[in-house]
Amino acid sequence: MTRDTSASAGSVLWFRRDLRLRDHPALLAAALDGPVVALFVLDDVALRGAGPLRRAWLYRTLQALDADLRRYGGALVVRAGSPDDVVPQIAREVGAARVHVSADFTPYGVARDDRVRSRLATAGRELVETGSPYAVAPGRVLTAEGRPYQVFTPFYRAWAAHGWRAPAASVPSSVTWRVVSSDPIPSDPLPDNAVPPAGEDAALSVWSEFRDNGLRDYPRARDRPDLDATSHLSAYLKLGAIHPRTILAELGPDDGAFARQLAWREFYGHVLFGSPNSAHEDYRTTMSHLSYDEGLEADRRFAAWATGSTGYPMVDAAMRQLLATGWMHNRLRMLTASFLVKDLHLDWRRGARHFMRHLLDADVANNQHGWQWVAGTGTDAAPYHRVFNPVTQGKRHDPDGGYVRRWVPELAGVPADRVHAPWPAPERPPHDYPAPIVDHGVERAEALARYAAARASSS
DNA sequence: TTTTGAGTTGTTCGA
DNA sequence: GTCGAACAACTCAAA
């Protein structure tokens, strides 16, 4: 690749959730149009509600992309502002007839791209979408009746049958980069190890490490937070530092359990695209009569949940890990979500917002629909309402208590047989871990009663 | 149109 | 402690 400093017309590649150079169809499309300006727009709206770790993750991924581009004679052009203004402006600046993107199927992305597309069109320019953050673009997999799937397993079969193109594994050599003036790439004040190594190279090495050493035990160990047996690829997938196709292409016939997890990401991408309102409203309106608690006591309970001081060790460990690292095991996302909705009777949106603020992998489709699934307002077609028992889940998925003790040091001296229910008792040594803020048995019954009432009032 | 089979992820009880 | 069965009892997808 070479650097082009002439003023000849070229194209713009507007990076969004595709912050990589390999397996990048939109980059290949842009390169056909001439010298490529690599643009990222720092959009305050898209970062609204993002906490410091999530911002740091983005900034470091951008810095890594810039470093990668410089190796090939280019550089990342960052502009702060609204994409509505910035993208047409830069296209005019460089005389680009086309702005290339990977399609974004989130409600915000679709609306934003519609606005940018029409602004570009008034100047005779075009927004060209090539590829997406998914192996199969949302909207492609439909039932025999042409409707989006609402149940995962039939979706999975249809999605697997649909297939995907094999990726181009290397950085294309045919790209000429063009560099124009850039705002600085933001940096963050956090220590180096506050988030994992960012960028495409890091993503590929996390993936190859997991492929070589983690995949074999994944089916057996994936549900054990204490064993930390999951891929940790979600934060990379979120920003497109690696494409799911790159991963799927290297999976073998024995890797179905892991492929299924990637398919969940595809499923929720499809579900959200088919029902954009479900980012903020109940997907299943039959449950919209569900009553949630509000007010000062509800706020106090929410704060206890968010800070990891509910008195239920498995819940608290997970919530503290989220705040400290920006990551949480999926089983614990289900457990903590169940606790918020079914033990504390709070609106799933409050919890979803908290997750979006802190998760490095914050993805609106996965997050909102993961929450809706737990809350019973989403795609789960099961005929009954599951209520997770935080003690049972702890015993089953952290049998020795190692996970809990790591994140709840107050429990360091509590033995395994009591660590998930460390209620004080006269004959036991005291500890400074809080007592449970609610009685799970009581709240479980309360939750089931509320669901029954919601069902009755919707029919 | 009707029917049938099945649905990520649970809990509790009793042998 | 473990395991299998009972319980939850509605909705979707496809035949």
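Building the convex hull from the alpha-carbon atoms of region A:300-380 and averaging its projection over directions returns 4.6 nm². Each Lys or Arg adds one and each Asp or Glu subtracts one; over the other residues with Cβ under 12 Å from the Cβ of residue A:214, this totals -1. The residues neighbouring residue A:152, those whose beta-carbon lies less than 14 Å from its own, together hold a net charge of +1 under the Lys/Arg +1, Asp/Glu -1 convention.
Protection proxy ranking for A:317-326, A:384-393, using the average of other Cβ atoms within 10 Å per residue and placing the highest first: A:317-326, A:384-393.
Based on the convex hull around the alpha carbon atoms, region A:198-327 presents an average projected area of 10.7 nm². In this structure the amide hydrogen of residue A:128, modeled in the peptide plane, comes within under 5 Å of the amide hydrogens of A:99, A:100, A:101, none closer than 5 places in sequence on its chain. Inter-label distance, residue A:423 to residue A:166: 6.0 nm, where each label sits 7 Å from its Cα along the C-beta direction.
Panel order for A:236, A:403, by other beta carbons found within 10 Å of each beta carbon, from fewest to most: A:403, A:236. Evaluated at q = 0.10 Å⁻¹, the base-10 log of the normalised Debye intensity for region A:1-135, with identical point scatterers placed on the Cα atoms, takes the values -0.30. Sequentially through region A:122-133, phi angles give Karplus couplings (6.51, -1.76, 1.60; θ = phi - 60°) of 5, 9, x, 10, 10, 9, 10, 9, 9, x, 7, x Hz, Gly and Pro residues having no value and appearing as x. Give the separation of the Cα centroids, region A:268-332 to region A:77-107, in Å. A separation of 34 Å, based on Cα centres. Computed over the alpha carbons of region A:285-458, Rg followed by Dmax gives 16.0, 50 Å. With the convex hull drawn around the C-alpha atoms of chain A, the volume per residue stands at 158 Å³.
Over all directions, average the projected area of the Cα convex hull of region A:59-108 and note it in nm². Walk me through the numbers before you get to the answer.
Details: hull surface 18.7 nm².
It is 4.7 nm².
Taking only Cα atoms, what is the 0 to 90° angle, nearest 10, from helix A:313-325's long axis to the longest principal axis of chain A? Once rounded, the angle reads 20 degrees. Count Lys and Arg as plus one, Asp and Glu as minus one, and take only other residues whose Cβ is under 11 Å from that of residue A:77; the net charge is then -1. Enclosing the Cα atoms of region A:389-459 in their convex hull gives a volume equal to 109 cubic angstrom per residue.
Quick note: the coordinates plus some simple rules give every number you see, no bench work behind them. Quick caveat, the model's predicted, so the values are computed rather than measured. Note: ideal-geometry Cβ built from the backbone for every residue, glycine included; neighbour counts use all protein chains shown.
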